[in-house]
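A quick write-up on the structure given underneath.
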Amino acid sequence: MKRRLATGLAVAVSLGLTACGGAGTPAETDDGATTDNSGKTLTVWIMEGTNPDATEFFNDVEEGFTEETGASLDVQMVPWASAKDKFATAMAGGTGPDVAEVGTTWTPEFAEAGALMDVTEPATDAGLNEGMVESLINAGTYDGGLYGVPWYAGIRSVLYNKEIFATAGIEETPTTWAEFTDAIDKIKETQPDVIPFPVLGASEFATYPFIWGAGGDIAEQEGDSWTSTIDSPEAREGLTYLAELKTEHDASTPAADTWNEKDALTAFQQGDVGMIIAGNWTPGTVEENSPEVYEQLGAFPIPSKDGDPAGSFVGGSHLSIFEQSENKDLAWQFVEMMTTGEFASQWGEQSGFLPGQVEALDKILDSGEELEVPFATQMKEAGRTVPATPSFAAIQGQKVVPTMMQAILTGKASVDEATSTAAQTMNDAFAG
């Protein structure tokens, strides 16, 4: 049975719906007026596959929403692979939904295009932005306005094989780069056939923690302008350390030069990989695919150079209201219902993702759950986001960071050369 994160998240937050009545009855607003929502239908787009129990879940949501508002829900599932094109078509033709699940890295792009409603005022009035994880609020903010309310999130930490660690004589999980390197050396010395830590060439999100962990960053903002800092001394220090894990400490394998996280997980599930960077949604996959490895599974935050958890990208989704919606008040009621209280807790339990609320994260930290606490710690203490600018979508589309990493790992370019090239490409994208 798949292990679920966010167990027992009975978040003590009221639904706080501002215009709720009984099923099919007029709802009373704050000024005493009534709004009859019967006969109205709210169209919602949700990404397919995040929650394996989505059908049953949204049946409950539809029933609850109708009971509270008198309106109906039309929930449409959209595959992630085709979602960006579907959004683009809808924005061009003005045929979008009332509410949509929007990936955190898409929110600034859609906001700049004028497709999303600024929900700063209702979120502030409801107190939602005070209790949400800061990195998710930052990811949903564009030009000073909030265009996406955090719904759920994922973050990467380190998964490790306890049996491999025990054989290597590693008694404590690493908290610094020095300890991380020492663990790699011990694994290689005691178990030559084991890959201690695959250094991935095709995963930007497995690269950023080493930039952030050295005190570097991807880019910096001044006014409305962004400038790449991936060629800064700090960023280069982090990338040099990462590359030397392969070249100086034999931590990786040449095949990993082109691996993404899925490739690393496949190798890890064979039982001959010591550690990988993986998401908090991954333990359930290991349990299903490799029960023997799951029995030896542990986790710890990605170490930084000096001891605190390294920055790690917080991904996930916002719920956003489309600007062209004719039911904005009703749409906001749905967003608030989904991101607080009972339905937010159910979604976290069923999907295996982390909640977007600080209070809910604290409950995980207090739970002591071995495979949950490290990820919640990483998210609360070191959650980071990529530059909140639409230009970064183009940078990701060009695979700038994977191209840089593969050049470094294969010896085609030095760290200085590869980062200079990457910085120039980023700056060209930032410039439009």
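Name the shape class, rounded, prolate or oblate, that the alpha-carbon gyration tensor gives for the stretch 260-314, where a ≥ b ≥ c are the square roots of its eigenvalues, rounded holds for a/c under 1.5, and otherwise prolate holds if a/b is larger than b/c and oblate otherwise. Judged from the Cα gyration tensor, the stretch 260-314 comes out prolate (a/c at least 1.5, a/b above b/c). Report summary: the helix-based calculation at 222 nm, which adds -39500 (n - 2.57) for every DSSP H run with n ≥ 4 and divides by the residues of the chain, gives -13000 deg cm²/dmol.
Projecting label points 7 angstrom from Cα along Cα→Cβ for Ala113 and Asp36 puts them 3.7 nm apart. The 3J(HN,Hα) values that the Karplus relation (6.51, -1.76, 1.60; θ = phi - 60°) gives for the stretch 388-397 are, in residue order, 7, 9, x, 4, 5, 4, 5, 5, 5, x Hz. Gly and Pro appear as x. Normalising the average separation of contacting C-alpha pairs (under 8 angstrom, six or more residues apart) by the number of residues puts the relative contact order of the chain at 26 percent. Calculated on the Cα set of the chain, radius of gyration then Dmax: 22.6, 75 Å. Sequence-distant contacts, meaning Cα pairs under 8 Å at least 6 residues apart, place the relative contact order of the stretch 233-368 at 13 percent. Per-residue Karplus couplings for the stretch 70-79, computed as 6.51 cos²θ - 1.76 cosθ + 1.60 with θ equal to phi - 60°, are listed in order as x, 9, 9, 10, 10, 8, 10, 8, 10, x Hz, Gly and Pro entered as x. Sequence-distant contacts, meaning Cα pairs under 8 Å at least 6 residues apart, place the relative contact order of the stretch 275-432 at 24 percent. Figure legend: label point modelled 7 angstrom from the Cα of Glu292 along Cα→Cβ; residues of the stretch 186-210 with amide N under 17 Å from it are 193-195. Radius of gyration (Cα atoms) of the stretch 248-352, expressed as a multiple of 2.2 N^0.38 Å: 1.51. Rolling a 1.4 Å probe across all protein chains gives Leu265 an accessible area of roughly 30 Å².
Only aspartates and glutamates eight or more places from Lys86 in sequence, or on another chain, were considered; those with a Cα closer than 14 Å are Glu48, Glu101. Model label points for Glu179 and Asp250, set 7 angstrom from Cα along the Cα-to-Cβ axis, are 2.5 nm apart. Rolling a 1.4 Å probe over the heavy atoms of the protein chains gives the chain an accessible area of 41 Å² per residue. Coupling constants for the stretch 366-374 follow from the phi torsions by the Karplus curve (6.51 cos²θ - 1.76 cosθ + 1.60, θ = phi - 60°), and in residue order they are 6, 6, x, 5, 4, 9, 10, 4, x Hz; glycine and proline get x. Per-residue accessible area (protein heavy atoms, 1.4 Å probe) orders Val199, Val358 as Val358, Val199, starting from the largest. Backbone amide hydrogens, once placed in the peptide plane, bring Leu146 within less than 5 Å of Val119, Thr120, excluding anything fewer than 5 places away on its chain.
In this simple spin-label approximation, Thr95 and Glu63 carry label points 7 Å from Cα along the Cα→Cβ vector, and these lie 3.4 nm apart.
Rolling a 1.4 angstrom probe over the stretch 99-157 with all protein chains present gives an accessible area of which 39% lies on carbon and sulfur atoms. By DSSP, the beta bridges lying fully in the chain are antiparallel in about 70 percent of cases. Apply 1/(1 + (r/R0)^6) to the Cβ-Cβ distance of Asn138 and Met77, taking R0 = 30 Å, and write down the FRET efficiency to the nearest 0.05. Once the sixth-power term is evaluated, E becomes 0.60.
Scaling against 2.2 N^0.38 Å puts the C-alpha radius of gyration of the stretch 156-239 at 1.36. Residue ranking by accessible heavy-atom surface, 1.4 Å probe, largest first, among Lys86, Lys412 comes out as Lys412, Lys86.
The values are calculated or read from the model by the stated rules, or taken from the named source; none is laboratory data. All values reported here derive from a predicted model rather than from experimental measurement. Cβ atoms come from the backbone with ideal geometry, glycine included; neighbour counts cover every protein chain shown. To get the accessible areas, we keep the full protein, side chains included, count just its heavy atoms, and leave off ligands, DNA and RNA. Shrake-Rupley method; radii C 1.70, N 1.55, O 1.52, S 1.80 Å.
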